[in-house]
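Inspection log for the structure reproduced underneath, given as structure tokens.
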Amino acid sequence: MSNTWKVYFLALVTFLVGTSEYVISGILDKIADSMHISVASAGQLVTIFSFVYAIGTPILMALTAKTDRKKLLIMALGIFVVGNLLSFVSPGYSSFVSARVIMAIGAGMVVVTALDIAAKIAAPGKQASAIATVVMGFTASLIIGVPLGRIAAAQFGWKSVFGILALAGLAAVFVLLAAIPQVQGDKPVPLSKQLNFLKNGNVALGLAITFFWLGGYSIAYTYLSPYLLDVAGLQEGMLSGVLLAFGIASLVGSKFGGFSTDRWGVFPTLSGGMLLHVVTLLLLSLTVTYTHSWQPIVILLILWSFAAWSSGPTQQFNLVQIEPNYSGIMLSLNQSMMQLSMAAGAGIGGIMVNRVSLSSITWVGIAGVAIAIMMVLLLKMRMSSGSKGAEEFNIN
């Protein structure tokens, strides 16, 4: 197996991990029905996974920094497989929550380690391309994994999704053992040093943009399946196709975000994408309320996904631009913030579903993204005035 194909295989591994995270949103109603719990309680499965992923990953990666990367990846993937097996056999909600915790611990380590290995085994000058390929595998889980999970859940029951992921993960372990070379670990970067970057005002503001942008998105996305079925009135048979179209739009949006950033810059792309994000959620809310036609709802869903994910690559570049000498730490902090924002979004969405209504999630999501837009404008003002914030902290 050439190193190029090894990188693609690592992308496939991250696809499995991404599917385990995102698929909950596609089968939320089925989990709630079979476990006799509310949709809001089922939504907290996203909160738990994302929170454990966000907090646990940087700690575990710091503790295992010197460990051989191949050994660490196989160990992490083994933990992931165990989490999926426990999900498959879990008799009730509490045991399923425990399984999600185990799954998240393994998932975070798998993604970060796969990115590290890909960069180190790539041909000279191809490191960035290798990392992009592995990230694309994770993104593809939203495009392909979620609708496939919905189809499998409809045919064989929702627990079958985790049985399939466990089997695929186990098969991947054997391929990794045979194909991936030993890769030396890195010099540890203490967590205290990483957290010191939060004292930089521009870094803190940049991470806050991620939190409110993706948190606003997550409030609505986590409950998308029950929202489309119960509020928008879509038929069960249409849902898998709609989720597929939604996922494809996210990929197109991400690609456009990268192109737009190169062409027009960070701030026009961020503010424009987030403004479209707000407008599409607003129109979706009004359309669902005043019409029973599915065509405009699907069109608005596609536009929403496009707009939301156009901010993804731009925001990562934005943080790297703030501290270009510490790009790895910036991306790591952003990854944790993304997971925290998804946890918060799912939690807030659950509260709104319980205490207000399922239809309220889009309106709260609008508020989150609107706050992100204000923070984008504030960061632009700070950067324009030359306030780098470097004097505010000491990384040594």
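Throughout, read-outs are computed from the coordinates displayed, never taken from laboratory work. Bear in mind that the values here come from a model prediction, so they are computed numbers and not experimental data. Quick reminder, even Gly has a Cβ in these numbers, built from the backbone with ideal geometry, and neighbours come from all protein chains shown.
Remarks
- Distance between the pseudo-spin-label points of A132 and L198 (7 Å out from Cα toward the beta carbon): 3.2 nm.
- Grouping the Cα pair distances of the range 268-343 into 5 Å bins from zero gives a pair-distance distribution of 3, 15, 19, 17, 16, 12, 8, 5, 3, 1, 0 percent in increasing distance order.
- Using a Förster distance of 45 Å, the FRET efficiency for Q155-A123 (Cβ separation, nearest 0.05): 0.60
- Percent of alpha-carbon pairs separated by more than 16 Å within the range 1-44: 52
- Global geometry of the chain, whether rounded, prolate or oblate, following the gyration tensor of its Cα atoms and the 1.5 cut on a/c: oblate
- Projected over every direction and averaged, the convex hull enclosing the alpha-carbon atoms of the range 109-203 yields 9.4 nm².
- Taken over the Cα atoms of the range 165-265, the convex hull encloses 233 Å³ per residue.
- Across the range 1-137, Cα-Cα distances exceeding 22 Å account for 41% of all pairs.
- Potential extension, L282-A171 segment - 0.36 nm per residue separation minus Cα distance: 35.5 nm
- D230 paired with K66, simple spin-label distance in nm, labels 7 Å along Cα-to-beta-carbon: 5.2
- Of the DSSP H helices in the chain, those whose Cα atoms cover at least 24 Å axially and whose Kyte score averages 1.0 or more: 39-63, 69-89, 93-121, 159-179, 201-221, 266-290, 361-384
- With 0.36 nm allotted per residue and the present C-alpha distance subtracted, the I59-T289 stretch has 78.3 nm of extension available.
- Members of K66/K159; K70/K199; K70/K126; K71/K120 lying beyond 26 Å, as alpha-carbon distances in this model show: K66/K159; K70/K199
- Average projection area in nm² (convex hull over Cα atoms of the range 43-117, one quarter of hull surface): 4.7
- Positive-end residue of I102, A65, G145, charge dipole of the range 19-163 with Cβ unit charges: A65
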